[in-house]
Amino acid sequence: MSSSADCFIVLPANCAAGSLIFGRNAEDTDAVGGVGVATEVCYYDVSDVLEGKTDGGAALEPAADTLRVILQKPKPGVWGGDFGANERGVAIGLSWSTGQAEAKDTDSLLGSDIVRIALATSSDVDAAVERIGGLIVKHSNDSSKLNIVVCDPSAAWIVSSAGKVWAAEQLKESWKRLPSGGLSVTQTIDKSSEGLDTSASFAAAHDAEAQAPAADWCGPKAEGGDASFTQQDMFETLRAASSEGSRAASVSVLSAKGSSISCHWFTGTPNAAESVFKPFVFAPNPRISPLTQVQPEAEQTLLHSLHANRKPAALEHLRSLERSCVDELNNYFSLQDHASDELDELLKDCVEAEVKFYR
């Protein structure tokens, strides 16, 4: 089960309200005519976020404290996720993985397992990078190679790994596009597994045939230090970069506690250019729609199935609703420093409003 994605990161100096914005187009190599494997979006409370069996087969270690998590899954029925966020404003996404099929059920952890565990147990980006590194050293399969983007409101990191060794780079550029296709950490290594030779390019040393390609930015550009880039700009960026092979898109707007409220946006449907983003926040008791989850004996989410049969006219109306939702939430966030219970069903309400246009 490989997970690849085209990732876009804009650091706080370029973003409105000083947020960090992380956007991700998940890629689906099995997509046929724009309809491929369905993406699930699932919410986990502290009581169940580390329940169940990992996809790689490694036993879950007890954790003293866990966090609430919103998780996007690369395919139905898997335990881990390829993108997600937690209630402390940490967002993690896989940008590239290989060797995962060989690693399944080998008493190891897949990249998707690592994403879920790190989100459940990390209160900030530094803790998440260290947690990911520790899980790679202890549980990664020798065949596994990963690129993982790790963000919180203050910083963004890229972690590249090959087998049980890893290297991490903290992003210094104001904005960066990280396409899939290979390892991304090269000469700049700010953290690493013990004993790693940091004088050599990590990517070249561990995967000379599959180093991540360079790619230009798409869509609205984040200009140097003008603090104007918004979530709507990231939506349009992902739409400009998407294709029929794009499985789903997600955006995290990460805001420092007390300054605003972090918000996470999901399409839950293929091809951002043909989809709309729906918001989720960590309100007191979030309830998300069952339409974003695969029900027993089904192969796709109902949202995915209905979206596949949409009428062209529906998209224009839904885009208008999306813009209105962005404006209303921005206004709410400007007046509130925490999410109240009136946002408990935010994602649920938006998903159910969307499917009314498909029936």
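The values are calculated or read from the model by the stated rules, or taken from the named source; none is laboratory data. Keep in mind the model is a prediction, meaning the values are calculated, not measured. Here Cβ is always computed from backbone atoms with ideal geometry, including for glycine, and neighbour counts include all displayed protein chains. These accessible areas exclude ligands, DNA and RNA; they are computed on the full protein's heavy atoms, side chains included. Shrake-Rupley method; radii C 1.70, N 1.55, O 1.52, S 1.80 Å.
Observations
- Selection within region 125-155 - of a type outside the set (D, E, K, R) and assigned to a strand (DSSP E or B): L146, N147, I148, V149, V150, C151, A155
- Scanning region 83-111 for residues that are more than 17 Å from the chain's Cα centre (by Cα) and either within 22 Å of A214 (Cα to Cα) or part of a strand (DSSP E or B) (or both) returns T98, S108.
- Single residue of region 74-114 satisfying the filter (at pLDDT 95 or above and open to solvent by 10 Å² or more (accessible area, probe 1.4 Å)) that is farthest from S289 (Cα to Cα): R88
- Region 151-160, residues that are touching a Pro at 6+ places or on another chain (Cβ under 9 Å) and surrounded by 19 or more Cβ atoms within 10 Å (Cβ to Cβ): P153
- In region 221-233, residue modelled with the lowest pLDDT [restricted to those that are crowded, with 17+ Cβ neighbours inside 10 Å and of a type outside the set (S, T, N, Q)]: A222
- Considered as a group, the residues in region 299-312 that are under 13 Å from P76 (Cα atoms) and modelled with pLDDT under 90 include one that is surrounded by the most Cβ atoms within 10 Å (Cβ to Cβ), and that residue is Q300.
- Subset of region 196-212 [under 25 Å from the mean Cα position of the chain (by Cα), modelled with pLDDT of 70 or more and assigned to a loop (DSSP other than H, G, I, E, B)]: D207
- Any hit, region 35-44, residues being outside any strand (DSSP E or B) and surrounded by fewer than 19 Cβ atoms within 10 Å (Cβ to Cβ): no
- Selected residue [at pLDDT below 95 and open to solvent by 20 Å² or more (accessible area, probe 1.4 Å)] from L315, L346: L315
- None of S260, S252 is surrounded by 19 or more Cβ atoms within 10 Å (Cβ to Cβ) and modelled with pLDDT under 90 except S260.
- Qualifying residue in region 284-298 (condition: assigned to a strand (DSSP E or B), open to solvent by less than 70 Å² (accessible area, probe 1.4 Å) and at pLDDT 95 or above): no
- Residue check, E61 assigned to a loop (DSSP other than H, G, I, E, B) and either at pLDDT 95 or above or hydrophobic (A, V, I, L, M, F, W, C) (or both): no
- Top-ranked residue in region 161-204 [being free of Cβ contacts under 8 Å to residues at least 60 places away in the same chain and on the phi > 0 side of the Ramachandran plot; ranked as most open to solvent (accessible area, probe 1.4 Å)]: G195
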